[in-house]
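**Q** This is the structure I want to talk about, given as structure tokens.
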Amino acid sequence: MMDRFVAVATEILATRAGLSVDDPEPQIAARALLGLWRVQADSLRKHLDGARGPGQIHELVTADVRRAARLIDTGLGSFATSATPADAGS
């Protein structure tokens, strides 16, 4: 099912950018964006430990997804400088 989502997202992104679906940019962009779902699911699993309330879980999961989205937005070159323990609370 995820492969189908990636294919559809690739088509949409390629069309919007005026590229072919065979070009690597829309393919990797689609995979990266859909990867945020996995980040969200993993974060939920991590934080649904019974020790936190819904509001705190929402904040923690949102922070994790935003960190991942920031990496997509800034590019992999920023990984070494953005993936610091200090970011864990932001």
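The values are calculated or read from the model by the stated rules, or taken from the named source; none is laboratory data. Remember, predicted model here, so these are calculated numbers, not experimental data. Positions of Cβ are generated from backbone atoms using ideal geometry, with glycine treated the same way; all protein chains shown enter the neighbour counts.
**Q** Does L33 meet the test of being part of a helix (DSSP H, G or I) and in contact with a Phe, Trp or Tyr (Cβ under 7 Å, 6 or more places away or on another chain)?
**A** In short, no.
**Q** Answer yes or no as to whether L44 is more than 17 Å from A29 (Cβ to Cβ) and more than 11 Å from the chain's Cα centre (by Cα).
**A** yes
**Q** Right, another one. Give just the number: which of (1) surrounded by 13 or more Cβ atoms within 10 Å (Cβ to Cβ); (2) part of a helix (DSSP H, G or I) does V21 not satisfy?
**A** Every listed condition holds for V21 apart from (2).
**Q** Residues of segment 52-90 being assigned to a loop (DSSP other than H, G, I, E, B), among the small types (G, A, S) and modelled with pLDDT under 90, which ones?
**A** G75, A83, S90, listed by residue number.
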